[in-house]
């Protein structure tokens, strides 16, 4: 679903009752998720080349994420260059970043960043949003998605568990969310989303 079709979160109403759970954010799954382990020499070179292309096209946010991954690789000179370019990207992103005052503004901007594959930046804004509204289930849901797409399955589990604790309907939402399809079968997300199936799969004595 395009980001423009994502309606804004529904604020909780005063008094009794809970506001209707917001629709989960839609994000475009990357063709190949970046591995969570440090890249090898071949992967480092590929990441660096992709980062340079993004940098040359003015995609500083995406370039920064790629440079940060390349900086973890085993080739020292390339890692050092990637660190320098990452810092350069950070300065240029900060110069063009909009002024965001509220949790909803940070959240909506983060969803747009997720759609662009700029997960590190999106996580920063979602973390700011959840610091302002700790019990906003839709922010925890988006953080779970952002973490999962960036390869942090444990972080995805932690935030999705909190989203479900706040609003149980988020379990069903994540089950039917195509953006979670690529990570829903990974442990411990699978056990969280499908507790009945996980229990039936456990050995019985």
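The values are calculated or read from the model by the stated rules, or taken from the named source; none is laboratory data. Nothing here was measured: the structure is a model prediction, and the numbers come from that model. As a convention, Cβ positions derive from the backbone with ideal geometry for all residues, glycine included, and neighbour counts pool all protein chains shown.
I'd like the residue in segment 53-71 that is under 22 Å from residue 150 (Cα atoms) and out of contact with any helix residue (DSSP H, G or I) (no Cβ under 7 Å at 6 or more places or on another chain) and, out of all such residues, is modelled with the highest pLDDT.
53
Out of (1) surrounded by fewer than 16 Cβ atoms within 10 Å (Cβ to Cβ); (2) over 29 Å from residue 90 (Cα atoms), what's the single condition that is false for residue 192?
Exception for residue 192: condition (1).
Just to check your reading of the model, which residue among 160, 186 is closer than 17 Å to residue 137 by Cα and surrounded by 12 or more Cβ atoms within 10 Å (Cβ to Cβ)?
Residue meeting the stated conditions: 160.
Taking the condition of being crowded, with 21+ Cβ neighbours inside 10 Å and either without any contact (Cβ under 8 Å) to a residue 24 or more places away in the chain or in contact with a helix residue (DSSP H, G or I) (Cβ under 6 Å, 6 or more places away or on another chain) (or both), how many residues in segment 131-144 meet it?
Of the residues in that region, 7 qualify.
For residue 90, only one of the following conditions fails: (1) under 30 Å from residue 40 (Cα atoms); (2) part of a loop (DSSP other than H, G, I, E, B). What is its number?
(2)
Among the numbered criteria (1) within 22 Å of the chain's Cα centre (by Cα); (2) modelled with pLDDT of 80 or more; (3) surrounded by 13 or more Cβ atoms within 10 Å (Cβ to Cβ), which one does residue 21 miss?
Residue 21 satisfies every listed condition except (2).
Only one of these conditions is not met by residue 107: (1) under 20 Å from residue 126 (Cβ atoms); (2) modelled with pLDDT under 85; (3) in a helix (DSSP H, G or I). Which number is it?
Of everything listed in (1) under 20 Å from residue 126 (Cβ atoms); (2) modelled with pLDDT under 85; (3) in a helix (DSSP H, G or I), residue 107 misses just condition (2).
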